[in-house]
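Asker: The structure under discussion is supplied below as C-alpha cells; questions concerning it will follow.
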Amino acid sequence: MNRIPIMLLAGVFTANLAYGDGTNALPMLTLPDAQKLALKYHPEIASANYRALAAQEVVGETRAGFFPNANLYADAVGANNEGTRVMAGGLNNPSIYDRGAGGLEVSQLITDFGNTANLLASSKYQAEAQNQNAAATREQVLLQADTAYFGALQATAVLQVAQQTFDTRQLLLDQVATLASNKLRSELDVSFAQVQLQQARLLVEKAQNDANASMATLSTALGYREYHAFQLVDQTPPVTPATNDVTGLVQTALSLRPELLSLRADRDSALRYAKAQRDSRLPTISAIGVAGDAPDHVSHLPGDYASGGVHLSVPLFAGGYYVARQREAELKAQSDDELLQAVENNVIRDVRIAWLNLNNAMEELVTTGELAQNAGEAFDLAQARYQTGISSIVELSEAQLNLTSAQIANVGARYNVLIQQANLDYQTGTIH
C-alpha cells in the first residue's frame, strides 16, 4: 500500500501549481520571507505610512505658531495728484502719494494663554494615533500573509492527498483489471474500480483548483498585483498547547493592540483640542516690528522708516461661535472616549473567542490524527481481505474513502491550528 503517512504533515510541501510538469523551478518561499514581502510591497502599509508622515507634518505646522512670522513687502504707487485721498471704504481718510518702497514686518507671539500649546499637543497626539494606525495596518497585513500562507500549504497538502488517492485507485484498477482478465474477479469489480478512479480524478481537479486559488490569495496578501506561484516551505514551529491564562491574554491585548493605542491618542488629542478652543476665547499678545526704505518718494515723506509695538487682541463677541466650537470639541472628545470603551469590549470578546478557537483546533488536531491512523489501519485490513477474496470491492472502496477523508481532515486541522494561533497573536497584539 502506498498511502500518505501521518508524518507527511510535518514535511516540506511544494506548490507546483502554475507548471504541472515541474520543468520550471518556482522560487522558494518560507513564512518569514512571505512576511517580509508583505511588509515591503503591500500598498496598505505604504498608504498608512504616508498618513503617519502627513500627521507629523501637522505637528510642524502647529509648532510654527511659536516662531516669528516675517513678511517682505514692496509697493509702487502712483497718484494723479498729491492731494489724492481715499474717499470711501473705511473710517480713516488717508492720503495717497507717489512712492516706491519696500519693507519687512516681523511678528512674534508673546502669549495666547495656552491656545497654541494645546493645539500643538493635540497635533502630537494625532500624529501618534496615525503611527499606531500604521502599526495596526502592519499587523493586519501580517495576519493576512500568515493566513494565506498556511491556507496555501493546506491546499497543497490536500492536493497531495488527492493525488495519492488517485494513484492508489489507479493501481487498484490495474490490479482488478488483470484479475478480471484471468477470470479471478468480475467485470462488476472493474466497473466499480473505474467509478472510484473517476471520483478520485474529480477530487484531484478540485484540489488543484483550490491550490491555485489559495496561491492567488497569497499573491494578493503579499502585495502583488499579478498571480505569483511559489514553492512553499513548511518551517512552522511545533504547535504548543494554548495557555489557560486567558485573563493575561486580555490584559496583553488591552495594553498592546495598536488600534486601542490609536483610539487613546485620538481621545487625548480631542481633549487637548477642546482646551485649545476654550483658550481661543482668551486674549492674544504679540510683538510687531516693521522697517523699510522708500528710495523713490515725494519730498515730504521720509526715506526710511521703522516702528514696533505690542498688539493685544481680545475676542469679545462672535455670535456664540467660540462657545459652540469649544462645546463641539468637548462632545467629540466624549464620543472618542465612549468609542474607546466599545472597542476595548470588542477586543476582550475577540481575544476570548480566538483563545477558544485555538483550543478547539488543538482538540480537532488530536482527534483527526487518531482518526487518520485508525482509517489507515482499517484500509490496510480491507485491502488484505479483498486480496484474499473474503470481502467485496465495496468494502475496500469505503475504507479508502474513509482514509482519504480522514487524511484531508487531519491536514486541515493542522493548518487550522496554525491559523488560529496567528489569529490569537493578532488579537493580543503580539503578531510579528
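The values are calculated or read from the model by the stated rules, or taken from the named source; none is laboratory data. What you see is a predicted model, and the numbers here were worked out from it, not measured in a lab. Note: ideal-geometry Cβ built from the backbone for every residue, glycine included; neighbour counts use all protein chains shown.
Asker: Taking ARG267 as meeting all but one of (1) closer than 30 Å to SER405 by Cβ; (2) touching a residue at least 40 places away in the same chain (Cβ under 8 Å); (3) among the basic types (Lys, Arg), write down the number of the exception.
Answerer: Condition (1) is where ARG267 drops out.
Asker: A further question on this structure: Could you grab me the full set of residues in segment 136-176 that are of a type in the set (Gly, Ala, Ser) and surrounded by fewer than 20 Cβ atoms within 10 Å (Cβ to Cβ)?
Answerer: In the first step, residues of segment 136-176 are kept if they are of a type in the set (Gly, Ala, Ser); the result is 136, 145, 148, 151-152, 155, 157, 162.
Correct list: ALA136 only.
Asker: Next question, about the same structure. On the basis of being over 39 Å from the mean Cα position of the chain (by Cα) and within 26 Å of GLY412 (Cα to Cα), does GLN175 make the cut?
Answerer: Spelling it out, it is not the case that GLN175 is over 39 Å from the mean Cα position of the chain (by Cα) and within 26 Å of GLY412 (Cα to Cα).
Asker: I want to confirm something. Restricting to segment 321-347 and keeping residues that are free of Cβ contacts under 8 Å to residues at least 40 places away in the same chain and over 16 Å from ALA274 (Cβ atoms), which single residue is nearest to the chain's Cα centre (by Cα)?
Answerer: Per the stated criteria, the residue is ASN346.
Asker: Does segment 42-55 contain any residue that is at pLDDT below 80, of a type outside the set (Lys, Arg), loosely packed, with under 15 Cβ neighbours inside 10 Å and over 29 Å from LEU120 (Cα atoms)? It would help to see each step written out before you state the result.
Answerer: So the first thing to find is which residues in segment 42-55 are at pLDDT below 80, and the list is none.
Scanning segment 42-55, I find no residue that is at pLDDT below 80, of a type outside the set (Lys, Arg), loosely packed, with under 15 Cβ neighbours inside 10 Å and over 29 Å from LEU120 (Cα atoms), so the answer is no.
Asker: Moving to a separate point now. Just for segment 398-416: of the residues that are over 21 Å from the mean Cα position of the chain (by Cα) and farther than 16 Å from ALA162 by Cβ, which one is surrounded by the fewest Cβ atoms within 10 Å (Cβ to Cβ)?
Answerer: First, the residues of segment 398-416 that are over 21 Å from the mean Cα position of the chain (by Cα): 398-415.
Narrowing further to those that are farther than 16 Å from ALA162 by Cβ: 398-399, 413-414.
Numbers: GLU398: 14, ALA399: 22, ALA413: 22, ARG414: 25.
Applying the filter and picking the extreme gives GLU398.
Asker: For segment 288-295, does any single residue satisfy the condition of being surrounded by 12 or more Cβ atoms within 10 Å (Cβ to Cβ), within 25 Å of SER269 (Cβ to Cβ) and not aliphatic (A, V, I, L, M)? Steps first, please.
Answerer: At the first step, the residues of segment 288-295 found to be surrounded by 12 or more Cβ atoms within 10 Å (Cβ to Cβ) are 288-294.
Filter once more, keeping what is within 25 Å of SER269 (Cβ to Cβ): none.
There is no residue in segment 288-295 that is surrounded by 12 or more Cβ atoms within 10 Å (Cβ to Cβ), within 25 Å of SER269 (Cβ to Cβ) and not aliphatic (A, V, I, L, M).
Asker: Residues to consider are GLN373, GLN421; find the one that is outside any loop (DSSP other than H, G, I, E, B) and either closer than 30 Å to THR247 by Cα or among the hydrophobic types (A, V, I, L, M, F, W, C) (or both).
Answerer: Numbers: GLN373 fails: either closer than 30 Å to THR247 by Cα or among the hydrophobic types (A, V, I, L, M, F, W, C) (or both).
Answer to the check: GLN421.
Asker: Only one of (1) farther than 15 Å from MET28 by Cα; (2) of a type in the set (S, T, N, Q); (3) modelled with pLDDT under 95; (4) in contact with a helix residue (DSSP H, G or I) (Cβ under 9 Å, 6 or more places away or on another chain) is not met by SER255, so which one is it?
Answerer: (3)
Asker: Okay, moving on. Tell me which of these GLU377 doesn't satisfy, since it passes every other one: (1) under 29 Å from SER186 (Cβ atoms); (2) in contact (Cβ under 8 Å) with a residue 12 or more places away in the chain; (3) not hydroxyl-bearing (Ser, Thr, Tyr).
Answerer: GLU377 satisfies all of (1) under 29 Å from SER186 (Cβ atoms); (2) in contact (Cβ under 8 Å) with a residue 12 or more places away in the chain; (3) not hydroxyl-bearing (Ser, Thr, Tyr) except (2).
Asker: Out of all the residues in segment 300-319, is one or more surrounded by 15 or more Cβ atoms within 10 Å (Cβ to Cβ) and either modelled with pLDDT of 95 or more or within 46 Å of the chain's Cα centre (by Cα) (or both)? Give the steps one after another, and end with the answer.
Answerer: First pass over segment 300-319, keeping only residues surrounded by 15 or more Cβ atoms within 10 Å (Cβ to Cβ): none.
No, there is no match, as no residue in segment 300-319 is surrounded by 15 or more Cβ atoms within 10 Å (Cβ to Cβ) and either modelled with pLDDT of 95 or more or within 46 Å of the chain's Cα centre (by Cα) (or both).
Asker: Here's a follow-up. Considering every residue within segment 116-125, establish whether at least one is of a type in the set (D, E, K, R), out of contact with any His (no Cβ under 6 Å at 6 or more places or on another chain) and under 21 Å from ASP336 (Cβ atoms).
Answerer: Restricting attention to segment 116-125, the residues satisfying the condition of being of a type in the set (D, E, K, R) are 124.
From what is left, the residues that are out of contact with any His (no Cβ under 6 Å at 6 or more places or on another chain) are 124.
Okay, now just the ones that are also under 21 Å from ASP336 (Cβ atoms), so 124.
Yes, segment 116-125 has at least one match.
Asker: I would also like to ask the following. Only one residue in ALA127, ALA177, ALA134 is without any contact (Cβ under 8 Å) to a residue 40 or more places away in the chain and either of a type in the set (Lys, Arg) or on the phi < 0 side of the Ramachandran plot (or both), so which one is that?
Answerer: Working: ALA127 fails: without any contact (Cβ under 8 Å) to a residue 40 or more places away in the chain; ALA134 fails: without any contact (Cβ under 8 Å) to a residue 40 or more places away in the chain.
Checking each option against the conditions leaves just ALA177.
Asker: Of the residues that make up segment 242-251, is at least one touching a residue at least 12 places away in the same chain (Cβ under 8 Å) and farther than 25 Å from GLU364 by Cα?
Answerer: no
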